[in-house]
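Data first, discussion second: the structure below is written as structure tokens.
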Amino acid sequence: PQQRSVGGYYAKLRESYQRSDYLYFAKPYEGSVVLLWPQESPTESLSEVRVWWERICTQIKFQEIQGDNVTCLTRHVDKLAQALEVAINRQGA
């Protein structure tokens, strides 16, 4: 019954993510990266995330976007689309 609930589903999903995160070792990436990060992230701030990403990427630009992990894809999707468009256009230039 717990696995059929939304809470049970997310608990199982979180367990899988944590296991794969523990087993994953990123290799350095020499290409250009744009990281769009939700300002209201419930788990980590951009400054905390920056440390990890700067260890593996030599060319990285960080940009905060409105919302959290869900609302950046729903309520603020227009701002996300604009940020993606800018990032894609910069990469092609």
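Tabulated data
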quantity	calculated
Computed [θ] at 222 nm, helices only, for the chain once each DSSP H run of length n ≥ 4 contributes -39500 (n - 2.57)	-16000 deg cm²/dmol
Principal-axis tilt of helix 46-56 within the chain, Cα atoms, nearest 10 degrees	70 degrees
Residue-normalised accessible area of the chain, expressed per residue, 1.4 Å probe, Å²	82 Å²
Nearest 10 degrees, 0 to 90: helix 77-92 Cα axis against the chain principal axis	40 degrees
Nearest 10 degrees, 0 to 90: helix 6-23 Cα axis against the chain principal axis	50 degrees
Cβ-placed point charges (K, R +1; D, E -1), dipole of the chain about Cα centre in debye, nearest 20	260 debye
Protein accessible area in the chain, 1.4 Å probe - carbon and sulfur %	54 percent
Anchor Lys79: lysines whose Cα lies under 30 Å away (excluding residues fewer than 8 positions away in-chain)	Lys61
Set of aspartates and glutamates with alpha-carbon distance to Lys12 below 15 Å, sequence-local pairs under 8 removed	Asp21
Extent along principal axes [Cα atoms of the chain; Å; largest to smallest]	53, 33, 22
Low-density loop positions, chymotrypsin sites (Phe, Trp or Tyr not before Pro), the range 6-52 - DSSP coil, at most 12 other Cβ in 10 Å	Tyr24, Phe25
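The values are calculated or read from the model by the stated rules, or taken from the named source; none is laboratory data. Fair warning: this is a prediction, and the values are worked out from it, not measured in the lab. Glycine gets a Cβ as well: all are built from the backbone with ideal geometry, and neighbour counts include every protein chain shown. The protein model used for the area step is the full one, side chains on, heavy atoms only, and it has no ligands, DNA or RNA in it. Shrake-Rupley method; radii C 1.70, N 1.55, O 1.52, S 1.80 Å.
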